[in-house]
Amino acid sequence: MGRRIPKDQLQAGDLVFFKNTYRHGVSHVGIYVGQGWFINAADYGQGVTLSQLKSAYNEHHWLEARRIKLKAVAESDEVRKPITVTVHEGGHDIKIVLGPTHHR
């Protein structure tokens, strides 16, 4: 779901994906907020933080950005279902599910 966005065309609300952070492959996602910054859950100790997209670490781990039409999702009957985003990395399709989760 969503379309790939070049880094120089990012808009607030776009999803930004990173690879090989704490594990191999797609391993981290954030939400771009503008002016080169994104919010993300950095780790369990820090919680949600504001990070610079152009830091050396994030540049090294950059994978891609995706834009999802949230209005279309919100107006559909699928509102209570998770959104699945497919990211292509290393010749593989990796599905990332965003939305409600149920923990036991």
- Query: Okay, which of the stretch 1-26 sit inside 12 Å, backbone N to the point 7 Å along the Cα-Cβ direction of Lys54?
  - Reply: 8
- Item | Among 47-56, 28-37, 14-23, the order from most to least packed when residues are scored by Cβ within 10 Å on average | 14-23, 28-37, 47-56
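Throughout, read-outs are computed from the coordinates displayed, never taken from laboratory work. Computed from a prediction, not measured in an experiment: that's the story for all the values here. Glycine also receives a Cβ, built like all others from the backbone with ideal geometry; neighbour counts cover every protein chain displayed.
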